[in-house]
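The values are calculated or read from the model by the stated rules, or taken from the named source; none is laboratory data. Not measured: the values here are computed from a predicted model. In this analysis, Cβ positions are derived from the backbone assuming ideal geometry, glycine residues included, and neighbour counts consider all displayed protein chains. Surface areas here come from the heavy atoms of the whole protein model, side chains and all, with no ligands, DNA or RNA. Shrake-Rupley method; radii C 1.70, N 1.55, O 1.52, S 1.80 Å.
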Amino acid sequence: MRIAFLNQKGGVGKTTLAVHTAAGFAGRGQKVLLIDADPQHSAIDWTAARDASELPSLFTSVAMPAATIHKEIERLAQQFDVVVIDGPPRVTDLARSAIMASDLVLIPVQPSPYDVWASAEVVSLVKEAAIYKPALKYAFTINRKVVNTSIGRDVTDALREFEDVPVLPVSIGQRVAFAESAGGGRTVMETAPGSAAAREIDALLDAIQEFGA
Ligand SMILES: Nc1ncnc2c1ncn2[C@@H]1O[C@H](COP(=O)(O)OP(=O)(O)OP(=O)(O)O)[C@@H](O)[C@H]1O
Ligand SMILES: [Mg+2]
């Protein structure tokens with residue numbers, strides 16, 4: 001399976017969810033490749049922080065901030081069960097290439113109408129790609145939902161404007177464990193095993209498997 005986390009809006013959780021998805025599937029015994037398509041190479045920085053902490057690597061990572069991912073994906077993916085692509089903010093040609101390389105595009109959004117509206121650009125790129133790739137699947141993934149609140153009516157209304165884009169049935173909460181785990185190149189499964197954050201990632205993996213199959 002090839003999963004890309006994409007949204008041209010910055011700071012919505014692409015890298016956090018990409019790294020946790022890669023680590024999570026690796027923890028389930030899959031051979032995972034993480035492609036860092038962001039020129040800011042945050043996912044590679046995470047891997048470097050992990051190396052510096054002398055922790056064992058969980059998956060293979062490669063930096064590829066180039067609009068040729070879709071051309072190289074067959075060769076790159078050969079030895080892997082799961083490929084996760086961490087997308088760049090902005091840069092449309094990179095996002096388009098990442099979409100063409102994927103089976104499943106997940107669009108992280110924070111539960112605010114502004115964030116939902118700001119994903120219009122990536123939604124139109126995905127729909128454009130789906131014309132050439134009818135099997136392409138895509139969904140919004142709600143990230144940083146404030147715990148013990150429901151998704152507001154305004155967000156639900158904003159999502160309805162993209163009624164043909166499904167919303168993944170699990171959401172990730174606003175949890176300090178995510179920010180805390182990043183610095184040392186760790187995941188919440190390592191720093192906070194059994195926590196709500198770790199359970200949400202587990203549920204995300206199940207949802208990806210179910211939705212992307
Ligand atoms: N569910 C969450 N709970 C708490 N903090 C989070 C959560 N998801 C992401 N963050 C924090 O929000 C910040 C932005 O997240 P991240 O870097 O994953 O976003 P991004 O979409 O990859 O950003 P960019 O567009 O710059 O690549 C980081 O500091 C991260 O630790
Ligand atoms: Mg990022």
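See the values below:
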item: Gyration tensor over alpha-carbon atoms, the stretch 151-196, equivalent ellipsoid semi-axes in Å; result: 31, 11, 10
item: The chain, dipole about Cα centre (Lys/Arg Cβ +1, Asp/Glu Cβ -1), debye to the nearest 20; result: 60
item: Computed [θ] at 222 nm, helices only, for the chain once each DSSP H run of length n ≥ 4 contributes -39500 (n - 2.57); result: -13500 deg cm²/dmol
item: Rounded D (µm²/s) - the stretch 1-97, Kirkwood Rh over Cα pairs, Stokes-Einstein at 25 °C, 0.890 mPa s; result: 185
item: Relative contact order computed over the chain (Cα-Cα under 8 Å; 6+ residues apart), in percent; result: 25
item: The stretch 36-76 shape via C-alpha gyration tensor axes, a/c threshold 1.5; result: oblate
item: For the chain, the Rg and Dmax computed from alpha carbons only, in angstrom; result: 15.9, 47
item: Percent accessible area from carbon and sulfur atoms, the chain, protein chains only, probe 1.4 Å; result: 52
item: Global geometry of the stretch 68-109, whether rounded, prolate or oblate, following the gyration tensor of its Cα atoms and the 1.5 cut on a/c; result: oblate
item: Gyration tensor (alpha-carbon) shape descriptor, the stretch 46-146, a/c threshold 1.5; result: oblate
item: Alpha-carbon centroid distance for the pair the stretch 31-91 / the stretch 184-206, whole angstrom; result: 20
item: 1.4 Å probe accessible area per residue over the stretch 2-212, in Å²; result: 45
